[in-house]
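The structure appears right after this line, and notes come after that.
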Amino acid sequence: MAKVKNQDIPTDQFEETLYPPLEFKDQYRRVLSEGIDWPKLPEGVEIVTFSKKESRPPQRNSSDPGPSPIQREWRNEFDLCSRCWMRQPNYTSQISRCKSAGSKHYIQDWNYVPGASRTFHDLFMKDCLDWRKANPGRTPPLCEDLGVSPFSASLCPGEEITITIENGVPPYSYGADCGELSVPEYPGGDPFCIIIYTAPEDPFGCPDPIVVFFTDSQGRKGCCMITILPEEECCCLTGPDLAIGVDSLVMGCNQTQTIELDPDSSGCPPIEWSLSGGGELVLDPENPDEYPPTYHSPATNPNCTENPTITAIDVCGNSASIQLAINCKTKADVLQSANRLPCWCCKITNPNCAGMEYQSSSGLHWRKFDCAGNVSWEKWWWKGIVYDAFPPAMCSDPPPPPCVNNCPCTCGVNTCGCWGGTGYCLYCNWGTPNVPCDGIKDSRTVADKQEGCCPINPLTGLPY
């Protein structure tokens, strides 16, 4: 169907026949109803449009000074409303609960008057300009979304987030596809500007993303998009560390021990287990993640080369390892240690220094161990006396003042300090030849090692 417009029409043809009558106009045009998007007129109806006399600005030549400040302001307002009109959806189905926009297809009420020419665009522009005039500096609701912060977030099940709403006019209405919303009470502030969102504990059946939507009293809209992270990813973000717990770090040959994760550091399943060294790590083939593995130690361990290292790796890439000592021989006094027990400064007279001074005093703790790393012999030394148990008086005397003159004893590397009326050196190997200070002396023979004498180092807690 052809569209006809902008034709010159004799004025009297319409001034006398139209009802209601039209006032004097300086321009007329007509179109058929098929030529425009008109919702209530049947086809074949002719529509007359007009503009008031002197309603259009006069033409200007190049010498004109340009628009006045009032005209410039009005044009700016018109441009703002026109850009807002262009952002409106074309169809009702395109309207979003997150965008402050209507539709260009007549979703708002308007009065139809036969012969009138007002389109929805005319009504929209009039409403927009009227709003701008009545609310200087403010944007009409259909042209401005609510400021929602954050716009999007990734949460774990059950996690909370604070959502802030800006540039709206209370009261607000709000909702969420899944989860819960609450309004905290903030003294001195508008409680409706802050919303607490709690993600569902079980997000099954929830859309992705979950939309939290808001509307203010004037129709402005805004949304926050919530993505629920998978359980594995959440565990990696907030889950426990990974650590292995065993009953004992020392096992005999041909023995079995369950290897479990520390209950407080169980990591994030699934867990992957691996073994290096001797023996065998047995997993449940049907439920390797739910049931802890069992370790079977080897039958022999010559030179301790079969000591195993068991490693667990969780889904996040966290790893934990544990080393075991497989001891196949029973023999005592294969390791010896001498540890210093420092206490307070004791007052001594040193002939090499003038006057009195204070030196640090130390005791000794001697121990011997068997092939399994158990203590087989233990003694303490304190102030020239050897004790079978820890001396109750050791370090119990009140400490003296700080040292003066700073004149140390001339002792060697293997000394534990100075004590005595004239000062002398106390050697760690006193009564225990060649045992270093704070160290271990290995007394195992070649035969002991070949037969699998594999203890735990008492200083490090690792296989020796």
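The numbers here are math on the coordinates, done by the rules we state, and not lab data. The structure presented is a predicted model; accordingly, all values stated were derived computationally and were not measured. Glycine gets a Cβ as well: all are built from the backbone with ideal geometry, and neighbour counts include every protein chain shown.
Observations
- Cross-link pairs Lys126/Lys221; Lys104/Lys133; Lys133/Lys221; Lys331/Lys449 - those with Cα-Cα distance over 19 Å: Lys126/Lys221; Lys104/Lys133; Lys133/Lys221
- Structural descriptor for the range 163-286: relative contact order 19 percent, calculated from alpha carbon pairs under 8 angstrom and at least 6 residues apart.
- Chymotrypsin sites (Phe, Trp or Tyr not before Pro) restricted to the range 196-245 and DSSP loop, no more than 15 other C-beta within 10 Å: Phe204
- Segment Val169-Glu280, length gained on full extension (0.36 nm per residue, minus Cα span): 33.0 nm
- Of the GluC sites (Glu not before Pro) found in the range 131-190, those that fall in a DSSP loop while having at most 15 other beta-carbon atoms within 10 Å are Glu185.
- For the range 240-327: Kirkwood Rh in Å [reciprocal of mean 1/r, alpha carbons]: 13.2
- Seen from a random direction on average, the alpha-carbon convex hull of the range 196-301 projects onto 10.1 square nanometres.
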